[in-house]
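First the structure, in the form of structure tokens, and then the observations on it.
The values are calculated or read from the model by the stated rules, or taken from the named source; none is laboratory data. As the structure is a computational prediction, the values presented were derived from the model and not from experiment. Here the Cβ positions follow ideal geometry from the backbone for every residue, glycine too, while neighbour counts run over all protein chains shown.
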Amino acid sequence: MNDSTGQGWIAVAAVSGAIAVIAGAFGAHGFDPATANGAKAREWLQTGSHYEIVHALAILAVTLLAAGGRIGGTFAAVAVWLFLAGSILFPGALYALALGGPRWFGAVAPVGGTAFILGWLSLAAAALTGRSH
């Protein structure tokens, strides 16, 4: 990742982190947990927020590791893209469900979870192969 790409990924990580905090705060204060729907919506927002903040930090870490020359190449680039895809699909599906979206969003969440897993495996490959790949 070159410097301009790295700056872009840092911005993506920052925006994703902000969205995670907003979703978590809304989950903590925006629903009445005494109602069944409120309790489930709160749970979905908290779960989505947790996974999004973790992967915002993962995007930041991969970007900084690549900028520092610790990892690089195709696997590092694939990792950040997969973390971003996962952050859109997994928490996004949960946020949509919490806000009353159609139930089919529940089928989207596992696709995002799979992207997260593949992102972590790509990061492992980036670490094991070094900067040449």
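Any idea which of Gly130, Gly72, Gly106, Gly100 is farther than 30 Å from Phe31 by Cα and without any contact (Cβ under 8 Å) to a residue 60 or more places away in the chain?
So the residue among Gly130, Gly72, Gly106, Gly100 that is farther than 30 Å from Phe31 by Cα and without any contact (Cβ under 8 Å) to a residue 60 or more places away in the chain is Gly130.
Being β-branched (Val, Ile, Thr) and closer than 20 Å to Thr5 by Cα: is that true of Thr74 here? Write out each step before concluding.
Numbers: β-branched (Val, Ile, Thr): yes; closer than 20 Å to Thr5 by Cα: yes.
Spelling it out, Thr74 is indeed β-branched (Val, Ile, Thr) and closer than 20 Å to Thr5 by Cα.
Give the residues of the range 19-30 that are at pLDDT below 85 and either in contact with a strand residue (DSSP E or B) (Cβ under 6 Å, 6 or more places away or on another chain) or surrounded by fewer than 13 Cβ atoms within 10 Å (Cβ to Cβ) (or both), sorted by residue number.
None - no residue of the range 19-30 is at pLDDT below 85 and either in contact with a strand residue (DSSP E or B) (Cβ under 6 Å, 6 or more places away or on another chain) or surrounded by fewer than 13 Cβ atoms within 10 Å (Cβ to Cβ) (or both), so the list stays empty.
Hey, could you check the range 86-120 for residues that are of a type outside the set (Gly, Ala, Ser) and in contact with a Leu (Cβ under 8 Å, 6 or more places away or on another chain) and say which is nearest to Ala23 (Cα to Cα)?
Tyr95
Tell me which of these Asn37 doesn't satisfy, since it passes every other one: (1) surrounded by fewer than 21 Cβ atoms within 10 Å (Cβ to Cβ); (2) touching a residue at least 12 places away in the same chain (Cβ under 8 Å).
Among (1) surrounded by fewer than 21 Cβ atoms within 10 Å (Cβ to Cβ); (2) touching a residue at least 12 places away in the same chain (Cβ under 8 Å), Asn37 violates only (2).
So, in the range 98-124, how many residues would count as being more than 17 Å from the chain's Cα centre (by Cα) and crowded, with 17+ Cβ neighbours inside 10 Å?
Residues that pass the stated criteria total 1.
Among the residues of the range 23-49, count how many are β-branched (Val, Ile, Thr) and either over 17 Å from Pro91 (Cα atoms) or over 14 Å from the mean Cα position of the chain (by Cα) (or both).
1
With the requirement that a residue be aromatic (Phe, Trp, Tyr) and either modelled with pLDDT under 95 or within 13 Å of Val12 (Cα to Cα) (or both), what does the range 45-74 give you?
None; the set is empty.
Here's the yes/no breakdown for (1) surrounded by 18 or more Cβ atoms within 10 Å (Cβ to Cβ); (2) closer than 22 Å to Ala127 by Cα:
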| position | (1), (2) |
| --- | --- |
| Asp32 | no, no |
| Ala41 | yes, no |
| Ser49 | yes, no |
| Gly72 | yes, yes |
| Ala76 | yes, yes |
| Pro91 | yes, no |
| Leu94 | yes, no |
